[in-house]
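The values are calculated or read from the model by the stated rules, or taken from the named source; none is laboratory data. Since we're looking at a predicted model, the values are computed, not measured. A quick note on method: Cβ atoms are made from the backbone with ideal geometry, for glycine too, and the neighbour counts reach across all protein chains shown. These area figures cover heavy atoms from the full protein model, side chains too; ligands, DNA and RNA do not enter into them. Shrake-Rupley method; radii C 1.70, N 1.55, O 1.52, S 1.80 Å.
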Amino acid sequence: MLTYLAIIVTAIFVNNIVFAQFLGICPFIGVSKRIDSALGMGAAVTFVMAVATTVTTLLQDLILDPLGLGYIQTILFILVIAILVQMLEIIIRKISPSLYAALGVFLPLITTNCAVLGVAIIVTQRHYTLLASLTYAIATAIGFTMALLIFAGIRTRLDLVDIPRPMRGVPIALITAGLIAMAFMGFSGITIG
């Protein structure tokens, strides 16, 4: 149980996918202008990351490792993630049009989100069990969502401030993201166990 707690705390705070590993930066900058958009993207990433990590972990353990095909891991994982996102989009559109309306904009963005692929590769490199992989994926997605929400909150406040013209938009967003990343470095001293 302590191992899973360590995985959760580490994935959310210590090795945050955005602030410590610098994965998922494109949606982090692009979708974090409004809090509702950030929350929608975070929910979609959480769902896709959990499903994709489960499928890729099973593929790695049941097919790639036994057959010695580890060299096609990245290509296969990219294909699996793209297919999963397309299937999820079709299923959600048929089953729940309201959920599709809420998440439909974000689902295609997830296909190119390197955080999803990064998590799938990280869990195989660390040789996590299926349950540990799923725990790590969900905790990482929570950390990603938290980063999006924090950043969206700050960006809404930045819209109210008089910022010099050359610094408006992406430049001040990157500086702010850097400052938040430095604040998250404070969590690196946390140890569990």
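Before moving on, here are some points about what is shown:
- The alpha-carbon atoms of the chain define a convex hull whose volume equals 128 cubic angstrom per residue.
- The chain: angle of helix 170-184 to the longest principal axis, Cα-based, in degrees nearest 10: 60
- The stretch 1-158, relative contact order [Cα under 8 Å, separation at least 6], %: 48
- Backbone phi angles across the stretch 88-93, fed through the Karplus curve with coefficients 6.51, -1.76 and 1.60 (θ = phi - 60°), yield HN-Hα couplings of 4, 4, 5, 5, 5, 4 Hz in residue order; Gly and Pro are listed as x.
- Rounded tilt (10° steps) of 114-125 against the dominant C-alpha axis of the chain: 40
- Expressed per residue, the C-alpha convex hull volume of the stretch 141-193 stands at 81 Å³.
- Dividing the convex hull volume of the alpha-carbon atoms in the stretch 1-90 by its residue count gives 140 Å³ per residue.
- The chain, accessible area per residue, ligands and nucleic acids excluded (1.4 Å, Å²): 53
- For the stretch 32-176, a crude dipole built from +1 on the beta carbon of Lys and Arg and -1 on the beta carbon of Asp and Glu, taken about the Cα centre, is about 440 debye to the nearest 20.
- Vicinal HN-Hα couplings computed from phi for the stretch 131-147 (Karplus, 6.51 cos²θ - 1.76 cosθ + 1.60; Hz; Gly/Pro x): 5, 5, 4, 5, 4, 5, 5, 5, 5, 5, 5, 5, x, 5, 5, 4, 4
- Note that the stretch 5-17 has calculated 3J(HN,Hα) couplings of 5, 5, 4, 5, 5, 5, 5, 7, 10, 6, 10, 3, 4 Hz, one per residue in order, obtained from phi through the Karplus relation 6.51 cos²θ - 1.76 cosθ + 1.60 (θ = phi - 60°); glycine and proline are x.
- For the chain, modelled as a GNM whose springs connect Cα atoms under 10 angstrom apart, the maximal fluctuation among 112, 53, 156 occurs at 156.
- Heavy-atom accessible surface of the chain: percent carbon and sulfur, 1.4 Å: 73
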